[in-house]
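This report refers to the structure that appears directly beneath it.
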Amino acid sequence: MPRIDPARLLADLRTLRGIGAHGRGVVRPAFSAADMEARRWLARRYQEAGLEASIDGVGNVLGRSRHPGRALLIGSHSDTQPTGGWLDGALGVIYALEVVRALAADASTRELAVDAVSFQDEESRFVGCLGSRSITGVLTAEMQEEVTDRDGVTLADALRQAGLADAPRLRIERERYAGFLEAHIEQGPQLEDSGRKIGVVNGIVGLRGIRFVFRGQQNHAGTTMMARRRDAATSLYELAYRINREFPKVAAGHSVWTMGRARIEPNATSIVPGYAELDLQFRDASEAPLDAFEAVAARLVAEMNARGGVSIEATRARAPIPPTRMDEGLQEHIAEAAERHAPGKWQRMPSGAFHDAGIVSACVPSAMLFIPSIGGISHDFAEDSRDEDIVLGCRVLADAAASILACGRA
Ligand code: GLV
Ligand code: MN
Ligand code: MN
């Protein structure tokens, strides 16, 4: 059985944490200077581990095994949210590196082929799961055209600044891979609450989004009587309120929705706002509630537009993510490894966060494992996991990887 090196694993995770560190958290959005520095550092680590490393035209870092035969692809992403935690994505990326090194050090697994990957922009600075969409061939021109980040920077400019504009984009070699494994922090409280140590993910939620643009008339906040106002912000507040009132009526048990970004122009206390934007995102493990949410949103917009005053335009987000199931056979390998390392302390569970595995699963069988998040906190500087849980998760992953590849050889 391969033996991981806990000290080396934790040291590499901490080195990566240092690139873009902000207090306890990390600010390393896709294509930022810190992100590209992290990607170059990772490519060097892949080389040292004996892999052939490259950074492709969207920033994916791939470490390709030099061993012949069917390979496993293992990894996650190393970009972060605008204010992100240190383990979201980074955990799975460093696990992959450690699994490669552990397998190479053991006579019984030395010849097995594992490729390591860090996908780009999983966290949606431009397009959620940009890197895994690109490598699997589902990144459309429409998703990339004129797309900007929240500060108005275009993807094309970010690629140019990162020095990637002319680099070739990799395409996954489907027939090369027996599967893709992604390990991740849970980012929720279930494992911690139940005292379990490993989650074997059975499915990943789907996600869609709508951007609402409100156009009214900017005017003086003292002289414009209430009856004459065409206040874009008031319209935004009303729509948000009605979404929160109507969505529960069509939601499934685990549906969630978030209005996490709003913009009011000109955002000044003494001006009736003439323009506003609101981003709505909703998630569920099946398509039906997502369809229902879209229908409700369309009805509310039609009702409010019929009243006149402020006009509302709704545009679907260009990069939805479909709900996906994880591969049963790969899940079984992870479950068996979890039972060996943490008897009775693992569970199957769905993922409420989306992941690159959800995209990759469309062309290569994919599976995920989770480790506990302290307090269930993620997408926040406070995100953390216990060292012993980090080490255990990597042991389970290394063991599962070896057993999947050994199975393929038999
Ligand atoms: C991924 O980071 C998500 O928002 O689920
Ligand atoms: Mn992540
Ligand atoms: Mn995330």
- Return the FRET efficiency for the residue pair R40, E294: r is the Cβ-Cβ distance, R0 is 41 Å, and the value is rounded to the nearest 0.05. 0.50
- Item | Percentage, to the nearest whole number, of Cα pairs in the stretch 125-203 over 20 Å apart | 53
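Could you give the length gained by full extension between Q217 and S311, i.e. 0.36 nm per residue of separation minus their alpha carbon distance, to one decimal place?
On the way: separation 94, 0.36 × 94 = 33.84 nm, distance 1.02 nm.
Additional length available on full extension: 32.8 nm.
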- Task: Given the peptides 192-205, 234-247, arrange them by the average over their residues of other C-beta atoms within 10 Å, most packed first.
- Result: 192-205, 234-247
- Message: So, for the chain, what is the accessible surface per residue at a probe of 1.4 Å, expressed in square angstrom?
- Response: 42
- Message: If you average the C-alpha positions of the stretch 38-74 and of the stretch 274-332 separately, how far apart do those two centres end up, in angstrom?
- Response: 36
- Note on the structure: Expressed as a whole-number percentage, the relative contact order of the stretch 206-316 with C-alpha contacts under 8 angstrom and at least six residues apart is 44
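Volume per residue, Å³, of the convex hull around the alpha-carbon atoms of the chain?
For the chain, the hull spanned by Cα atoms encloses 141 Å³ per residue.
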- Query: So what does log10 I(q)/I(0) come out to for the stretch 206-316 at q = 0.15, 0.16, 0.22 Å⁻¹, using the Debye formula with one equal point on every Cα and no solvent?
  - Reply: -0.63, -0.70, -1.12
- Protein accessible area in the stretch 1-135, 1.4 Å probe - carbon and sulfur %: 51
- In nm, give the distance between the simple-model label positions of A268 and R110, each being 7 Å from the Cα along the Cα-to-Cβ direction. 7.3
- In the chain the DSSP beta bridges are antiparallel at a rate, in percent to nearest 5, of 65
- Message: Tell me the angle of helix 33-48 to the major Cα principal axis of the chain, expressed in degrees between 0 and 90 and rounded to the nearest ten.
- Response: 10
- Apportionment of accessible area to carbon and sulfur, the stretch 265-357, percent (1.4 Å): 53
- If you line up the Cα atoms of the stretch 84-226 on their principal axes, what length do they span on each, largest first, in Å? 81, 48, 24
- Task: Using every Cα-Cα pair within the stretch 79-162, state what percent have a distance larger than 21 Å.
- Result: 44
- Task: Would you kindly work out the equivalent ellipsoid of the stretch 272-410 from its C-alpha gyration tensor and give its semi-axes, the square roots of five times the eigenvalues, largest first in whole Å?
- Result: 42, 19, 12
- What does a probe at D193 reach in the stretch 347-378, counting residues whose amide N is under 19 Å from the point 7 Å along Cα→Cβ? 347-354, 370-378
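The values are calculated or read from the model by the stated rules, or taken from the named source; none is laboratory data. Computed from a predicted structure; not experimentally measured. In this analysis, Cβ positions are derived from the backbone assuming ideal geometry, glycine residues included, and neighbour counts consider all displayed protein chains. Areas reflect the complete protein model, heavy atoms only, side chains present, ligands, DNA and RNA absent. Shrake-Rupley method; radii C 1.70, N 1.55, O 1.52, S 1.80 Å.
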